[in-house]
Structure formats: C-alpha cells, structure tokens
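Below is one structure; the comments refer to it alone.
The values are calculated or read from the model by the stated rules, or taken from the named source; none is laboratory data. Here the structure is a predicted model, which is why all the values come from computation and not from measurement. Using ideal geometry, Cβ is built from the backbone for each residue, glycine included, and neighbour counts are taken over all protein chains shown. Ligands, DNA and RNA are stripped out before the accessible areas are found, and what is left, the full protein with its side chains, is counted by its heavy atoms. Shrake-Rupley method; radii C 1.70, N 1.55, O 1.52, S 1.80 Å.
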Amino acid sequence: LRKGSQAAAAAWDPFLRKDIDLIEDVQKYGLKVCLKSWSANYSELLERSHLPTLQARRREAKLCHLYKIVNKETFFPDAPTLSRTLSYPSRSVHSKALVPIHAHSSQFLHSFFPSAISAWNSLPLDTASASTISSFKTAIKH
C-alpha cells in the first residue's frame, strides 16, 4: 500500500448509508470467498478475520491524517486546524479541541476537515494528546 492511497482513503469517505453498504458489501463478499464461509453474516466474518468494518478503517485513517496535520508531521500550511479556546470551563471540550467548521450542506459537512475535526473533538483528551502516531493509532482502535 502506497502512502498516497492512505491519504486518499482518509479524504474519500461516503456518508450516505446506501453508499456505505455498497462498499461494505464488497468486503463482505471478499471475506466470504477468502474464508469459504458462504452462510456467515458480516459481523461473524469480520470477527473471524479480525478486521474492522471499512467505515471504521476510514475513520481511523481520517483521524490519523488529522493527527499528523495537527502535530506538523505532514506539511499542510493552510489546514483549518485552529485550537479551540473557551472562556469558561467545560467537561465536554478538551484542551486539544479544534475550532469546528460549520457547514451549510451535507456534502461539505461530511468532507474531510469538518468531519475529521468533529471526530477529533469527540476523542478523549489522553487520546488527542498522544505523543506518537503509533500510540494515537492504538488509542483510537479501542
């Protein structure tokens, strides 16, 4: 797998249930072929193969790409990743939170930065504060 393909997987993330299901059906069929298990349901196939759903893998790729941008491990000078500051204490907003991007359309809302920042802001502080990409990946898988 080339580095560029991971970035593309992070940026391309369908949000309509029908599109998600179509893509997951490809993985489901592939697992049935590989495991020679034609009657098993998708969750059984995923469990047997120790794989997450494609949607979960895209979320992980998206968060890892944002982690690299936020921590200057990827060059992206115009990234809209401003730190969020509150003038009041909050239990729901951690100190590593980013300013959310407000969208006026579903397509933009589900594009890379608005959706990645929303997912980032929902992470626990210790996950968003991970010191390495490796520890970050481990934390978001659990």
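Structural remarks
- Qualifying residue in the stretch 103-111 (condition: within 23 Å of Lys141 (Cβ to Cβ), at pLDDT 90 or above and open to solvent by 60 Å² or more (accessible area, probe 1.4 Å)): no
- Unique residue being in contact with a Phe, Trp or Tyr (Cβ under 7 Å, 6 or more places away or on another chain), more than 22 Å from Leu123 (Cα to Cα) and modelled with pLDDT of 90 or more when the list is Lys36, Lys32: Lys32
- Taken residue by residue, the stretch 85-93 has no member that is open to solvent by less than 50 Å² (accessible area, probe 1.4 Å) and at pLDDT 85 or above.
- Residue in the stretch 80-89 that is touching a helix residue (DSSP H, G or I) at 6+ places or on another chain (Cβ under 7 Å), assigned to a loop (DSSP other than H, G, I, E, B), of a type outside the set (Asp, Glu) and without any contact (Cβ under 8 Å) to a residue 40 or more places away in the chain present: yes
- Residues that are part of a helix (DSSP H, G or I) and at pLDDT below 85 were ranked within the stretch 5-29; the one that is least open to solvent (accessible area, probe 1.4 Å) is Ala10.
- Any chance Leu51 is of a type in the set (A, V, I, L, M, F, W, C), outside any helix (DSSP H, G or I) and out of contact with any helix residue (DSSP H, G or I) (no Cβ under 7 Å at 6 or more places or on another chain): yes
- Within the stretch 39-64, residues that are modelled with pLDDT under 95 have Cβ atoms under 6 Å from residues that are assigned to a loop (DSSP other than H, G, I, E, B) and open to solvent by 20 Å² or more (accessible area, probe 1.4 Å) in these pairs: Arg58/Asp13, counting only partners at least 6 apart in sequence or on another chain.
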